[in-house]
Amino acid sequence: MAATKLTIQGLSKRYGDFVALAPTDLDVVQGEFLTLLGPSGSGKTTLLSLIAGLAHPDSGSVLINGTDVTYGAPYERDIGMVFQNYALFPHMTVAENIAFPLQMRKVDAGATRKRVAEALEMVHLPHVAGRYPRELSGGQQQRIALARCMVYRPSIILMDEPLGALDKKLRDHMQLEIKRIHRDLGTTIVYVTHDQEEAMTLSDRICLMNAGSIAQLGTPADLYFRPKNVFVADFLGESNLLVATVESREDDRVGIAIGGRHCGHAMAYDGSLRPGGKARIMIRPQNLHVDASDTIADRAESMQARLTDIMVTGGMTKLYLQALEPANGGTEVVAAFPTNRLGEQYQIGQALRLRWSASDTVAIAE
Ligand SMILES: Nc1ncnc2c1ncn2[C@@H]1O[C@H](COP(=O)(O)OP(=O)(O)O)[C@@H](O)[C@H]1O
Ligand SMILES: [Mg+2]
């Protein structure tokens, strides 16, 4: 197990009466890529600013390598920062921009030249050293901002929505670049985004925030397959969340009823789910299978639904349906499958059977 790089203990921040960050604990391990994910206003930038020393907390502490830096100045923290607006100096060339943090640290001219060249190599842009920021594309400027941050080898890098201003194709490319650089340098990174796909692509662990608190902290797979509450299930990827009652419990499996009808079993990772209690049953669209025939009529994990819409989103086809039985009429569900010619057989208004597997289904306490 790697050493703890960053420790946050009981850290909180309010603006007047408004709690931007409730008391929060978080450990980040040496070399880890940890992402703060959450909707706008959930407290991501607030937490990052407290780590950076750009704001002071109302309670709690920030430890880097075991040293309390809560009230220390930002430059004492050995932290690098990259933001959405690249903040390159417009009157300096690319090479001068990257050299700047080294000059601030009194690195001599020879070593500075060498390290600037290395940093430009790292972001695959050695040929733009003599240009000014305005002569670069948005993606190139963001890579230079990254190089300028990496050049003095901070032991932690904080990034706040660094790809937010880029178009989708460039963003996808830059995600791979950031991942590669992280792998090559082994730097500890705390990254902020509101984009769940970006968080899943990049992170060792995701810290999902909601209204100033941690909703769940874990690997992308933990949050995707084992959400602890409805907020998490809803935020990460699409999901159907059906109202159900718990009938029985055996270890991490529960028997469930939807609309009063026994619907087989679901996985249950939450100890609070007890027979008689209410739950939401999470089924991901790709785990909801459509069957036009009646051969599965006797299957417990199934339901009857009417097709209301079909959407072909390139590689995936989505079927929008209204549950007929056993879920209350009107409950909307989505099923998805890789696009194929069979998709053409479905007709709007048609009644279909949907089936799923207990192992792909998670019961979440209401
Ligand atoms: N300087 C400030 N004064 C008052 N309220 C603020 C200030 N900074 C942030 N907030 C509020 O705190 C909440 C969390 O903000 P922020 O951490 O920026 O969210 P996020 O980065 O997740 O979008 C928001 O509701 C925001 O309006
Ligand atoms: Mg923010």
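Can you list residues whose amide H is under 5 Å from Asn210's amide H, if they're 5+ apart or on another chain and H is modeled 1.01 Å from N?
Correct list: Ala215.
Roughly how large, in nm² to one decimal, is the mean projection of the convex hull of the alpha-carbon atoms in the stretch 238-365?
Result: 7.4 nm².
Once every DSSP H run of n ≥ 4 in the chain is given -39500 (n - 2.57) and the sum is divided by its residues, what mean residue ellipticity at 222 nm do you get, rounded to the nearest 500 deg cm²/dmol?
On the way: 8 runs with 84 residues, N = 366.
The per-residue figure over the chain is -7000 deg cm²/dmol.
Assign one of three labels to the stretch 128-189, namely rounded, prolate or oblate, based on the Cα gyration tensor with a ≥ b ≥ c the square roots of its eigenvalues; rounded applies when a/c is under 1.5, prolate when it is not and a/b is larger than b/c, and oblate otherwise.
Oblate, because a/c is 1.5 or more while a/b does not exceed b/c.
Restricting to the chain, what percent of DSSP beta bridges are antiparallel, rounded to 5?
Restricted to the chain, the bridges split so that about 75 percent are antiparallel.
Under a 5 Å amide H to amide H cut-off, with H placed in plane at 1.01 Å, what residues pair with Val362 once short-range neighbours are removed?
Answer set, sorted by chain and number: Met267, Met282.
For Lys114, give me every one of the lysines with a C-alpha distance below 18 angstrom, ignoring sequence neighbours fewer than eight places off in its own chain.
In chain and number order, the partners are Lys106.
Hey, how many Å between the Cα centroid of the stretch 302-336 and the Cα centroid of the stretch 229-295?
Using only Cα atoms to place each centre, the spacing works out to 16 Å.
Would you list, by chain and number, the aspartates and glutamates whose Cα falls below 16 Å from the Cα of Lys5, excluding same-chain residues fewer than 8 positions away?
Asp25, Asp27, Glu32, Asp68, Glu76, Asp78, Asp204
Relative contact order of the stretch 238-365, please, whole-number percent, based on alpha carbon pairs below 8 angstrom and at least 6 residues apart.
32 percent
Can you pull the percent of the stretch 238-365's accessible area that's carbon plus sulfur, 1.4 Å probe, other chains left in place?
Of all accessible area on the stretch 238-365, carbon and sulfur atoms account for 47 percent.
Mind checking the per residue accessible area of the chain for me, 1.4 Å probe, whole number of Å²?
Working: 16920 Å² over 366 residues.
Per residue, the chain has an accessible area of 46 Å².
Just the number, please: carbon plus sulfur as a percent of the accessible area of the stretch 4-225, 1.4 Å probe, no ligands or DNA/RNA counted.
The C+S portion of the solvent-accessible surface of the stretch 4-225 is 53 percent.
Report, in listed order, any pair from Lys278/Lys318; Lys44/Lys179; Lys169/Lys228; Lys44/Lys278 with a Cα-Cα distance greater than 26 Å.
Table pairs above 26 Å Cα-Cα are Lys278/Lys318; Lys169/Lys228; Lys44/Lys278.
The values are calculated or read from the model by the stated rules, or taken from the named source; none is laboratory data. Keep in mind that this is a model prediction, so the values were computed, not measured. Areas reflect the complete protein model, heavy atoms only, side chains present, ligands, DNA and RNA absent. Shrake-Rupley method; radii C 1.70, N 1.55, O 1.52, S 1.80 Å.
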